[in-house]
Amino acid sequence: MTKVINAACAMLKDLGKRNEEITTSAEGAIASLKAQLAVEKDRSNKLQTELETARADKDRLAEESQARIKQLELENASSTEKLEEATRELASVRPWLEYLNSQIQSELQEAISQAERIISNPVSLPI
């Protein structure tokens, strides 16, 4: 019976050592995993910050783009309005310009005719 008790004690001692080894190993693994977790949390926080910054930049750029688009649309509308006004003014002036051109053509033709008559009928001037 003493042998059984001694064997049981030796077994318990051995199990205690193995338990201690497993516990130490597990504590080391847990510490390593905690350190790894801390690194990953830090990395995750940095990535989250970068993501939030990128989203804020995207939103800011979208707002700036929308504002620029609206500004360009207003400028385009203003330019279109000015172009239409200039086209109307040109249309109202065109008949007058055509009339003036016609008058100038007539006067020019008359001047050419007079010049041709003078050339064909030279008058001698006394010297």
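The values are calculated or read from the model by the stated rules, or taken from the named source; none is laboratory data. Only a predicted model underlies this, so the values are computations on that prediction, with no experimental measurement involved. Using ideal geometry, Cβ is built from the backbone for each residue, glycine included, and neighbour counts are taken over all protein chains shown.
A few points about this structure:
- Residue within the stretch 12-24 that is at pLDDT below 95, surrounded by 10 or more Cβ atoms within 10 Å (Cβ to Cβ) and hydroxyl-bearing (S, T, Y) present: yes
- Checking D42, D57 one by one, the residue that is surrounded by 10 or more Cβ atoms within 10 Å (Cβ to Cβ), part of a helix (DSSP H, G or I), more than 22 Å from the chain's Cα centre (by Cα) and of a type outside the set (A, V, I, L, M, F, W, C) is D42 and no other.
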